[in-house]
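Undergrad: Once you've had a glance at the structure underneath, I'll fire off some questions.
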Amino acid sequence: MIAFLIKSTLSLAVLLAVYHLVLENEKIHRFNRFYLLFCLAFSFAVPFITFEIAQEVSSAAIKKPLVFASEATMVVIEDETNYWLLALWISYGLLTTALAFRFASNVAKLLHKKRNNPTVEYKNAVLVLLDEEILPHTFLNYIFINKDAYHSRKIEAELYAHELIHVTQKHTIDILVIEIIRVFFWFNPLFLLYKKAIQLNHEFLADEQVVKTYNNVPFYQNLLLSVANANPTYYLASNLNYAVTKKRLIMMTQKTTATRAILKKGIVIPVLTALLFSLCIKTVAQESTQKMATVDYSTLFKNYYINTNFQILGEDGTVVATKKYADLTDKEKDVVPALITGNIKNPSKEKMDEILTKGGPETYQVDVYSKKIGAEKAAGSTYNIAELSEKPEFPGGMVEFYKFVGKNYTMSPEMSKEKVKGKVYITFMIEKDGSLTDYKILREIGHGTGEEAIRVLKLSPKWNPGKLNDVAVKTMYSLPITIATAQ
């Protein structure tokens with residue numbers, strides 16, 4: 001919604017500035033009328049228009065993080081009510097409702113006057129004769145005039161002609177469109193400026209036709225000045241005395257050559273193009289089609305132990321058989337780690353590529369009877385979940401862990417406002433006593449989501465530690481947390 005308002009407002013402001021600086025003072029009133037209406041339609045459409053430009057980049061430049069399988073995924077839902085936002089929407093709804101009622105009421109008043117007063121067919125319009133002292137004004141195809149002035153023929157032919165132009169060119173439709181928009185976007189002052197520009201343009205159009213028909217500019221100017229300070233007018237009607245300003249009087253004698261008109265109109269094209277490029281262009285990265293060396297991780301993992309000879313140890317610790325990985329039993333595979341990284345903790349992507357490409361060791365001992373796996377591990381070594389006979393667990397199970405995180409995870413106002421959604425990847429150590437240490441953020445989605453996840457984990461009670469043949473060991477645990485704000 002915010003992006004829509006920003007883009008549409010920028011478009012409205014730029015196009016209105018072009019109108020006032022370039023077009024308004026030229027005698028191209030028909031073009032200007034449709035330009036102003038087009039500005040409204042274009043500005044509402046711009047936020048929904050997107051042109052994607054693919055920018056070729058090498059596949060090496062696109063970061064593709066290696067994500068390890070994890071044991072748990074949770075969703076933290078922000079369910080706290082934002083009372084400020086609720087109050088804002090309620091205020092908007094009340095004001096919009098009041099303005100909608102005002103708009104409907106004014107339309108009803110004009111139609112009520114038409115139904116309850118005598119009418120006279122006049123050319124392609126209907127004259128509505130009122131008892132009140134008013135100047136002629138137009139709504140749809142009705143021209144409201146004073147009854148006595150009509151019967152005594154005090155209304156000049158030029159004034160009838162002026163109002164008939166509003167009827168035949170259907171100026172009321174323009175006013176209704178802008179008023180309906182203002183009902184819902186009353187907070188944007190640009191729409192009031194557009195309404196004033198549209199109304200003044202209507203008067204230019206009517207004045208131009210009257211001057212062309214009667215060819216007596218001084219008389220018509222004096223006639224307009226004589227009625228300029230008459231009674232208040234209706235905001236939904238086209239009014240005879242609307243904005244009788246220096247602009248209208250000068251415009252009656254203004255001349256615009258065909259060449260000048262074309263040049264002025266032509267300026268609109270680059271302006272619209274610039275708006276489209278600045279507001280609607282989205283650059284997306286696209287991998288280059290150039291052949292480059294790529295890493296197929298699925299193949300590397302599959303072939304990691306392809307050249308390794310597994311020495312199977314018996315109960316007495318002697319080698320009783322030598323097998324390839326594909327020939328190992330399920331029990332033997334359970335004690336073989338997915339990857340051997342030596343003393344390297346949390347290897348970088350480059351180091352991981354090197355380890356996988358090199359493959360497993362030439363020989364590896366598998367002992368399903370001993371509490372030791374493969375080579376002797378130093379005291380305090382860290383185990384992966386795949387190496388354990390009993391996995392670590394939050395007290396009460398993962399369902400209770402979900403409840404714990406959901407209760408303690410707090411969304412910042414910025415996160416709620418931006419409707420943050422995505423995954424935070426975190427690793428941490430579960431010590432032998434079940435306490436959590438050594439938190440690391442592998443990836444987050446901004447707005448402090450990673451830091452907040454670590455803060456919550458630090459509040460966690462002790463876990464049931466991972467075990468290897470009933471012996472508690474230090475275990476590295478990876479955890480993706482899915483974050484989603486309430487809709």
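FYI, it's all coordinate maths here, none of it is from the lab. These figures come from a predicted structure and were not determined experimentally. For neighbour counting, all protein chains shown are included, and Cβ atoms are generated from backbone atoms with ideal geometry for every residue, glycine included.
Undergrad: Take the alpha-carbon positions of segment 89-242, form their convex hull, and give its projected area averaged over all directions (one quarter of the hull surface) in nm². Working shown, then result.
TA: Values: hull surface 38.1 nm².
So the mean shadow area of the Cα hull is 9.5 nm².
Undergrad: Do any GluC sites (Glu not before Pro) in segment 108-138 lie in a DSSP loop with no more than 16 other beta carbon atoms within 10 Å, and if so, which?
TA: The qualifying sites are E132, E133.
Undergrad: So for each of 36-42, 353-359 I average, over its residues, the number of other beta carbons within 10 Å; can you give me the resulting order with the highest mean first? Kindly include the intermediate steps, with their values, before the conclusion.
TA: On the way: 36-42: 17.3, 353-359: 14.1.
In decreasing order of mean packing, 36-42, 353-359 become 36-42, 353-359.
Undergrad: While we're looking at this one, here's another question. Could you tell me the calculated FRET efficiency between N222 and Y122, based on Cβ-Cβ distance and R0 = 30 angstrom, to the nearest 0.05? Can you show the working numbers first?
TA: Details: r = 25 Å, r/R0 = 0.82.
E between N222 and Y122, to the nearest 0.05, is 0.75.
Undergrad: Any chance you could run the full-extension gain for F184 through I306? It's 0.36 nm times the residue separation minus the Cα-Cα distance, nm to one decimal.
TA: Numbers: separation 122, 0.36 × 122 = 43.92 nm, distance 6.84 nm.
Net length gain for the segment: 37.1 nm.
Undergrad: Among H171, Y150, N222, which residue has its Cα furthest toward the positive end of the charge dipole of segment 111-234, with +1 on Lys/Arg Cβ and -1 on Asp/Glu Cβ?
TA: The residue sitting farthest along the positive end of the dipole is H171.
Undergrad: Shifting gears a bit: Just rank K440, K351, fewest to most, by other beta-carbon atoms within 10 angstrom.
TA: On the way: K440 15, K351 12.
With the fewest neighbours first, K440, K351 line up as K351, K440.
Undergrad: Same structure, new question: Among W463, W186, W89, which comes first, second and so on when ranked by fewest other beta-carbon atoms within 10 Å? Can you show the working numbers first?
TA: Working: W463 19, W186 16, W89 11.
Arranged by neighbour count, lowest to highest, W463, W186, W89 become W89, W186, W463.
Undergrad: Using the 10 angstrom Cβ neighbour count as an exposure proxy, how do K391, K403 rank, fewest first? Numbers along the way, then the final one.
TA: Details: K391 15, K403 12.
Fewest-to-most Cβ neighbours within 10 Å comes out as K403, K391.
Undergrad: Amide H neighbours of K423 under 5 Å, at least 5 residues apart or on other chains, H built in the peptide plane: list them.
TA: The answer is I483.
Undergrad: Only four residue types carry charge here, +1 at the Cβ of Lys and Arg and -1 at the Cβ of Asp and Glu. Report the dipole size of segment 89-242 about the Cα centre in Debye, rounded to the nearest 20. Don't skip to the answer; put the middle values down first.
TA: Values: 14 positive and 13 negative charges, 83 e Å.
Roughly 400 debye, rounded to the nearest 20.
Undergrad: Could you give the nm distance between label points at L249 and T437, where each point is 7 Å from its Cα heading toward the beta carbon?
TA: 9.0
Undergrad: Another question, if that's okay. Share of Cα-Cα pairs in segment 8-54 beyond 17 Å, in percent?
TA: On the way: 430 of 1081 pairs.
Roughly 40 percent, once rounded to a whole number.
Undergrad: Ranked from highest to lowest mean number of other Cβ atoms within 10 Å per residue, what is the order of the peptides 421-427, 259-265? Working shown, then result.
TA: Values: 421-427: 17.0, 259-265: 13.1.
Highest-to-lowest ranking by the protection proxy: 421-427, 259-265.
Undergrad: I would also like to ask the following. Between L88 and T9, what is the spin-label point distance in nm, taking each point 7 Å from the Cα along the Cα→C-beta axis?
TA: Going by the 7 Å Cα→Cβ label model, 1.1 nm.
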